[in-house]
Amino acid sequence: MKVAFVGKGGSGKTTLSSLFIRYLAGRGLPVVAIDADINQQLGVALGLEEEQAAKIPALGDHLTEIKEYLRGDNPRIGSASAMIKTTPPGRGSRLLRIGGQDPVHALGEEVAGATLLVTGAFNDEDLGVACYHSKTGAVELYLNHLVDGPGEYVVVDMTAGADAFASGLFTRFDVLFLVAEPTRRGVGVYRQYVRYAADHDVTIRVVGNKVHGEQDVAYLREHVGDALLTWVGQSEAVRAMEQGRAQVALERSNEAALERMLQEVDAQEKDWAKFHRQAVEFHIKNARSWGNRAVGQDLEAQIDPGFQMPPPQWRRSA
């Protein structure tokens, strides 16, 4: 399953995504964690020192090599430079598996029992001339070409706010966990997400954070209704983790919230036909709005009408 944590800045989505990653890995499940937030703090939240986290190779810095690998022998894609962030796989493309030996996963760092991939932070060359979507495009390509099997998980810490809607990235997930504080701003981001995602059959579940008691829970229920899945309260374990102190056992109530999240993820029915259809739809949209002009080619010709995701030979394990 592919899972994203989204929400407004400061809501605690990086903290909750790191807790969920640790929870999955602690159960012996294969997990790929991806830091797609402009602040790039997931590695530290998982236990790395800042200097260690900064040394992880950035996907955004290896985008050409990633594209070259993924296009494989696909005759519809003439070169890596002809691929954009929405380019879907076709016959001849190389697909990815969690735990596979490939140039993409080779960029990861093993931490807290998971493979951590990072998009990379803004650098001096980016400022004033690029947007962060040039970094997250590598994540979209990765997810478009990933065949995740039963009991395998990709957890992405997304950039704050509604930036995910600037591309088709928000449709690449089986579940979006929207982290919301029990405040007007917190639930306002939920309403914004629901409005943007209304026509795209996206599963959004709200996870309350920084919840102090029943009054906070009632507030979230009033404003998000049945979308409220669970909530996390104040935690000495999280405080210890954020301060770099010896690990403190997570409170039972907060661990139960993580278990409820895992149950929700596992309850989702994998819909590969929808997944690939939406990839194609957003590729057409991007090709017509800017891609064809930028690349100087008709990028809709990259779409392989005879391709199924995953291909038949992959389906037994997907």
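With of a type in the set (Val, Ile, Thr), within 27 Å of residue 233 (Cβ to Cβ) and touching a strand residue (DSSP E or B) at 6+ places or on another chain (Cβ under 6 Å) as the only criterion, which of 194, 155 stands out?
So the residue among 194, 155 that is of a type in the set (Val, Ile, Thr), within 27 Å of residue 233 (Cβ to Cβ) and touching a strand residue (DSSP E or B) at 6+ places or on another chain (Cβ under 6 Å) is 155.
Report those helices (runs of 4 or more DSSP H) wholly inside the range 1-71 carrying at least 3 residues which are open to solvent by 10 Å² or more (accessible area, probe 1.4 Å) and in contact with a strand residue (DSSP E or B) (Cβ under 9 Å, 6 or more places away or on another chain).
13-26
Can you tell me how many residues in the range 121-147 are at pLDDT below 95, open to solvent by less than 10 Å² (accessible area, probe 1.4 Å) and out of contact with any Ser or Thr (no Cβ under 7 Å at 6 or more places or on another chain)?
Qualifying residue count, the range 121-147: 1.
Kindly provide the set of residues from the range 257-290 that are under 30 Å from residue 77 (Cβ atoms) and of a type in the set (A, V, I, L, M, F, W, C), ordered by number.
272, 273, 275, 279, 280, 282, 284, 287, 290
Do we find a residue being within 25 Å of residue 114 (Cβ to Cβ), at pLDDT 95 or above, out of contact with any Pro (no Cβ under 7 Å at 6 or more places or on another chain) and open to solvent by 40 Å² or more (accessible area, probe 1.4 Å) anywhere in the range 83-102?
yes
May I ask you to say which residue of 4, 80, 106 is hydrophobic (A, V, I, L, M, F, W, C), under 29 Å from residue 311 (Cβ atoms) and free of Cβ contacts under 8 Å to residues at least 12 places away in the same chain?
Result: 106 is the single residue among 4, 80, 106 that is hydrophobic (A, V, I, L, M, F, W, C), under 29 Å from residue 311 (Cβ atoms) and free of Cβ contacts under 8 Å to residues at least 12 places away in the same chain.
The values are calculated or read from the model by the stated rules, or taken from the named source; none is laboratory data. Computed from a predicted model, the values in this text were never measured in an experiment. Cβ sites come from the backbone with ideal geometry, for glycine too, and all protein chains shown count toward neighbours. These accessible areas exclude ligands, DNA and RNA; they are computed on the full protein's heavy atoms, side chains included. Shrake-Rupley method; radii C 1.70, N 1.55, O 1.52, S 1.80 Å.
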